[in-house]
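Q: Once you've had a glance at the structure underneath, I'll fire off some questions.
The values are calculated or read from the model by the stated rules, or taken from the named source; none is laboratory data. Values in this document were obtained by computation on a predicted structure and should not be read as measured data. We place every Cβ from the backbone using ideal geometry, glycine too, and count neighbours over all the protein chains shown.
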Amino acid sequence: MKYGLTLPGRGLQATPDDLAIIAKHAEELGYYMVLFGDHLVVPRHTISTYPYTADGAFPGSGSGEAMEQLTVLAFLAGQTHTIRLVTSVIIVPHRPPLVAAKALATLDVLSKGRLIVGIWVGWMREEFEALGLQPFAERGAVTDEYLRAFKELWTSAHPTFAGQYYRFANSDTSIVLVMWRIPCDHTTRSTSARLLLSCFCSFLPQPEPSAA
């Protein structure tokens with residue numbers, strides 16, 4: 001069994017010094033991974049039910065604080081050497097596929113293969129509306145399509161994609177992942193879990209990256 005811990009994205013300990021101290025100490029203690037959540041905005045008023053508390057209230061709704069996930073993990077990649085860096089989870093519809101795929105691949109390269117990508121479709125309707133995203137009710141289908149776009153970007157020499165929600169061509173981005181380690185929650189009601197396995201299963205497993 002391997003252990004990890006979730007880092008604070010808000011509050012008194014969500015500072016560069018404290019995040020670095022926590023991540024480094026976790027690495028020294030032999031933790032396998034540190035995890036960080038994903039909210040780009042936190043609307044002041046929400047009626048969406050948070051699925052992970054008994055009363056359905058989102059713990060971060062009072063302050064609105066939310067550090068950007070990939071930026072924080074990139075910062076921690078430069079502060080640590082062996083501990084894995086986990087998106088827990090990245091909300092796939094939040095970012096255009098080209099942007100997300102490039103950022104994730106860059107983070108994987110800079111961390112020498114320590115990135116683990118956990119995915120989800122999202123739960124906060126108000127956040128989708130604030131970001132001007134595709135319709136919230138279609139987030140499962142959007143996630144499925146974006147994952148196919150990720151695969152195209154990460155595996156094709158000259159990627160092209162034409163979907164219902166996103167398309168690209170003439171976009172050689174030289175995206176090369178160091179490691180293929182993309183888990184998902186098999187309990188999801190979306191087809192995304194099955195799709196993710198069908199997209200990436202052939203690339204697993206890979207050897208552990210060597211310590212820096």
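Q: In the range 80-103, which residue that is in contact (Cβ under 8 Å) with a residue 40 or more places away in the chain and in a helix (DSSP H, G or I) is farthest from the chain's Cα centre (by Cα)?
A: Looking at residues that are in contact (Cβ under 8 Å) with a residue 40 or more places away in the chain and in a helix (DSSP H, G or I), I get Leu98.
Q: Which members of the range 96-129 meet the condition of being of a type outside the set (A, V, I, L, M, F, W, C), crowded, with 21+ Cβ neighbours inside 10 Å and either closer than 12 Å to Tyr146 by Cβ or touching a Ser or Thr at 6+ places or on another chain (Cβ under 6 Å) (or both)?
A: We begin by selecting, within the range 96-129, every residue of a type outside the set (A, V, I, L, M, F, W, C); these are 96-97, 102, 106, 108, 111-114, 118, 122, 125-127, 129.
Applying the additional criterion that residues be crowded, with 21+ Cβ neighbours inside 10 Å yields 97, 108, 111, 114, 122, 127.
Once the filter is applied, which keeps residues that are of a type outside the set (A, V, I, L, M, F, W, C), crowded, with 21+ Cβ neighbours inside 10 Å and either closer than 12 Å to Tyr146 by Cβ or touching a Ser or Thr at 6+ places or on another chain (Cβ under 6 Å) (or both), the range 96-129 yields Pro97, Gly122.
Residues checked against (1) touching a Gly at 6+ places or on another chain (Cβ under 7 Å); (2) under 16 Å from Ala101 (Cα atoms); (3) modelled with pLDDT of 85 or more; (4) hydrophobic (A, V, I, L, M, F, W, C):
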{"residue": "Ala130", "(1), (2), (3), (4)": "no, no, yes, yes"}
{"residue": "Phe136", "(1), (2), (3), (4)": "no, no, yes, yes"}
{"residue": "Asp144", "(1), (2), (3), (4)": "no, yes, yes, no"}
{"residue": "Pro183", "(1), (2), (3), (4)": "yes, yes, no, no"}
{"residue": "Phe200", "(1), (2), (3), (4)": "no, yes, no, yes"}
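Q: Of the conditions (1) closer than 17 Å to Trp123 by Cα; (2) among the hydrophobic types (A, V, I, L, M, F, W, C); (3) free of Cβ contacts under 8 Å to residues at least 60 places away in the same chain, Leu40 clears all except one; give me its number.
A: Exception for Leu40: condition (3).
Q: For the range 25-40, give me each residue that is part of a loop (DSSP other than H, G, I, E, B) and either touching a His at 6+ places or on another chain (Cβ under 7 Å) or surrounded by 14 or more Cβ atoms within 10 Å (Cβ to Cβ) (or both). Steps first, answer last, please.
A: Initial filter on the range 25-40 (part of a loop (DSSP other than H, G, I, E, B)): 29-32, 37-40.
Correct list: Tyr31, Tyr32, Gly37, Asp38, His39, Leu40.
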